[in-house]
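To keep things clear, I will list the structure first and then write my remarks on it.
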């Protein structure tokens with residue numbers, strides 16, 4: 001049960017064991033990639049089409065069309081974000097599927113939306 005009153009205001013996210021910086025980087029940059037994908041309009045359904053036609057270098061790096069992003073964070077390959085988005089969708093798709101208004105939890109996005117839609121989510125610039 002999710003209570004109606006707010007009892008905490010700190011942002012919460014994935015928890016990673018201390019001392020494993022490589023895994024911490026992969027988890028953090030995966031969350032950022034999912035947020036970026038939503039901001040760029042990249043979805044589970046269109047990720048391959050966008051990867052094949054994108055001219056924006058940020059999108060090309062995100063989806064592994066231009067090399068370097070995956071290896072920079074310690075991922076196995078440069079298409080790590082594309083693989084994740086293809087399997088699970090972007091941040092918004094995952095939120096709606098597991099927590100959104102059409103789930104038993106019925107949560108509105110609210111502040112847990114991307115910044116361009118009135119929320120607080122944004123990803124730092126990719127390396």
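Which semi-axes, in whole Å and largest first, does the equivalent ellipsoid of the chain have when worked out from the alpha carbon gyration tensor as the square roots of 5 times its eigenvalues?
Details: eigenvalues 139, 69, 31 Å².
Its equivalent ellipsoid spans semi-axes of 26, 19, 13 Å.
What distance in nm separates the simple spin-label points at residue 5 and residue 72, each placed 7 Å from Cα in the Cβ direction?
With each label placed 7 Å out from Cα toward Cβ, I get 4.6 nm.
Show me 97-106, 79-88, 54-63, 113-122 ranked by packing, highest mean number of other Cβ atoms within 10 Å first.
Numbers: 97-106: 11.3, 79-88: 19.3, 54-63: 17.3, 113-122: 13.9.
Result, highest mean Cβ count within 10 Å first: 79-88, 54-63, 113-122, 97-106.
State, to one decimal in nm, how far the label point of residue 115 lies from the label point of residue 12, with both points 7 Å from Cα in the Cβ direction.
Each label point is offset 7 Å from its Cα along the Cβ direction, giving 2.4 nm.
What are the equivalent ellipsoid semi-axes of the range 31-97, built from the alpha-carbon gyration tensor (square roots of five times its eigenvalues), in whole angstrom, biggest first?
On the way: eigenvalues 62, 36, 18 Å².
Whole-Å semi-axes of the equivalent ellipsoid: 18, 14, 10.
What distance in nm separates the simple spin-label points at residue 45 and residue 103, each placed 7 Å from Cα in the Cβ direction?
Label-label distance for residue 45 and residue 103, simple model: 2.0 nm.
Can you show me the helix-derived [θ] at 222 nm for the chain, built from DSSP H runs with n ≥ 4 at -39,500 (n - 2.57) apiece and divided by the number of residues, rounded to the nearest 500.
Working: 6 runs with 55 residues, N = 127.
For the chain, the value works out to -12500 deg cm²/dmol.
Read the figures in this text as sums done on the coordinates, not as results from a lab. As the structure is a prediction and not an experimental result, all values here were calculated from the model. Positions of Cβ are generated from backbone atoms using ideal geometry, with glycine treated the same way; all protein chains shown enter the neighbour counts.
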